[in-house]
Amino acid sequence: MAQIGVRTSEPDGCVSCAICCLANPQVPDPFEMIPGGSVKIIQENPTSAAVKFKAQSVEPAHHHTSGHEQLVLKGKMSVWNLSKKKRYDLVAGNYLFTPGGDVHMVKYHEDTKFFVKWHGHCDMFFDQDLDTAEMAIDE
């Protein structure tokens, strides 16, 4: 007989209680969208994600349909908002909002982790290739 507050599992590790299954949704595994980066989707539409990038990684110029907010948890990064012709140097504890449609590129100076939340569904449209981005940042 089931007991209140006691979780039971099947031999394969699957929780048998329907409510427990709902409380522990399947979250997709992290994936690499850009070399050196790992994205783990936490929630969809509006999308939020935990993101990690290795030191010296670069995100080429790109834009999103929706604006997004990010909070740096660890590391150091520079974001160039090419639409506004501004550079933002961010470290742990810093927050940045990028409006939808603004073209931006990023360089990670250290291993970096951040939380990002889009104001809608996450999409990413590249405005340059990785080689061009790396050359532009090195100048």
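The values are calculated or read from the model by the stated rules, or taken from the named source; none is laboratory data. From a predicted model like this one, the values you see are computed outputs, not experimental measurements. Don't worry about glycine lacking a Cβ; one is built from the backbone with ideal geometry, like all the others, and counts go over all protein chains shown.
Annotation: of all residues in the range 52-62 being out of contact with any Leu (no Cβ under 9 Å at 6 or more places or on another chain) and more than 15 Å from Phe114 (Cβ to Cβ), the one that is surrounded by the fewest Cβ atoms within 10 Å (Cβ to Cβ) is Gln56.
Residues checked against (1) farther than 19 Å from Ile41 by Cβ; (2) touching a Phe, Trp or Tyr at 6+ places or on another chain (Cβ under 6 Å); (3) assigned to a helix (DSSP H, G or I):
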site: Gln70; (1), (2), (3): no, yes, no
site: Trp80; (1), (2), (3): yes, no, no
site: Asp89; (1), (2), (3): yes, no, no
site: Gly93; (1), (2), (3): yes, no, no
site: Leu96; (1), (2), (3): yes, yes, no
site: Asp102; (1), (2), (3): yes, no, no
site: Cys122; (1), (2), (3): no, no, no
site: Asp131; (1), (2), (3): yes, no, yes
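Only one of the listed residues (Gly75, Gly93) is at positive phi, surrounded by fewer than 15 Cβ atoms within 10 Å (Cβ to Cβ) and at pLDDT 95 or above. That residue is Gly93. Among the residues of the range 99-129, those identified as in contact with an Asp or Glu (Cβ under 9 Å, 6 or more places away or on another chain), closer than 17 Å to Ser78 by Cα and among the hydrophobic types (A, V, I, L, M, F, W, C) are Val103, Met105, Val106, Phe115, Val116. Of all the criteria given as (1) within 13 Å of the chain's Cα centre (by Cα); (2) surrounded by fewer than 16 Cβ atoms within 10 Å (Cβ to Cβ); (3) touching a residue at least 40 places away in the same chain (Cβ under 8 Å), the one not satisfied by Thr65 is (1).
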